[in-house]
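Here's the structure, in structure tokens; my notes come after.
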Amino acid sequence: MRALIQRVSRASVTVDGQEVASIGRGYLVLLGVARDDSETQARWLARKIAGLRLFEDDAGKMNLGLADVQGAALAVSQFTLYGDARRGRRPSFTQAAAPAQALELYNAFCELLTAEGVPVAKGVFQAHMEVALVNDGPVTLWLENEGDAYHSHITP
């Protein structure tokens with residue numbers, strides 16, 4: 001699984017001109033599911049995101065998490081995180097999970113994140129969505145887990 005997390009002051013998802021989900025302060029989580037992923041990866045990612053401290057305290061240090069700032073998460077399924085554009089000009093999505101598997105693990109991730117105490121708003125799976133956000137900082141974090149390997153990168 002791959003997640004691109006953006007610290008936001010607000011974010012929303014619109015489908016067919018109707019806002020279907022929104023949050024105030026929190027994280028926009030763009031979630032990609034790979035063919036080999038299982039609930040194990042979803043559980044690790046939910047715990048990791050729930051525990052992240054990406055909000056600044058009074059000293060300006062990233063010491064506060066979602067619970068500390070009464071934040072929420074907006075989870076948006078995004079298979080394009082598994083796009084491979086190393087060859088040619090059109091990306092290949094062969095590493096992305098099939099829709100049925102991706103939906104199951106996307107829903108599992110959202111439920112697991114909720115179980116960690118994070119309020120979760122959701123995009124609409126397989127819909128053409130307009131995602132609006134105000135990136136706070138900007139702070140963007142890439143999390144990835146493949147089997148037992150876990151990677152993260154942050155750009156302040």
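The values are calculated or read from the model by the stated rules, or taken from the named source; none is laboratory data. No experiment lies behind these values; they were computed from the predicted model shown. Glycine gets a Cβ as well: all are built from the backbone with ideal geometry, and neighbour counts include every protein chain shown.
Would you mind finding the one in ASP16, ASP84 that is at pLDDT below 95 and among the charged types (D, E, K, R)? From the options ASP16, ASP84, the qualifying one is ASP84.
Can you name the residue in segment 81-99 that is in contact (Cβ under 8 Å) with a residue 24 or more places away in the chain and of a type outside the set (Ser, Thr, Tyr) and, of all such residues, is surrounded by the fewest Cβ atoms within 10 Å (Cβ to Cβ)? Ranking the qualifying residues of segment 81-99, first place goes to ALA98. Does ALA102 fit the bill of being buried (at least 21 other Cβ atoms within 10 Å of the Cβ), in contact (Cβ under 8 Å) with a residue 60 or more places away in the chain and more than 13 Å from the chain's Cα centre (by Cα)? Answer is yes for this residue.
Applying the criterion of at least 2 residues that are under 14 Å from VAL120 (Cβ atoms) to the strands (runs of 3 or more DSSP E) found wholly in segment 7-62 leaves 18-23, 26-32. Here LYS61, LYS122 are screened, and the one residue that is on the phi < 0 side of the Ramachandran plot, among the basic types (Lys, Arg), touching a strand residue (DSSP E or B) at 6+ places or on another chain (Cβ under 6 Å) and at pLDDT 95 or above is LYS122.
Of all residues in segment 55-80, those that are among the aromatic types (Phe, Trp, Tyr) have Cβ atoms under 8 Å from Cβ atoms of residues that are part of a strand (DSSP E or B), 6 or more apart or on another chain, in PHE55/ARG7; PHE55/MET62; PHE55/ASN63; PHE55/LEU64; PHE55/GLY65; PHE79/GLY32; PHE79/ALA96.
Yes or no, residue by residue, for (1) surrounded by fewer than 16 Cβ atoms within 10 Å (Cβ to Cβ); (2) within 16 Å of ARG2 (Cβ to Cβ); (3) modelled with pLDDT under 95:
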residue	(1), (2), (3)
VAL118	no, no, no
ALA127	yes, no, no
TYR150	yes, yes, yes
THR155	yes, yes, yes
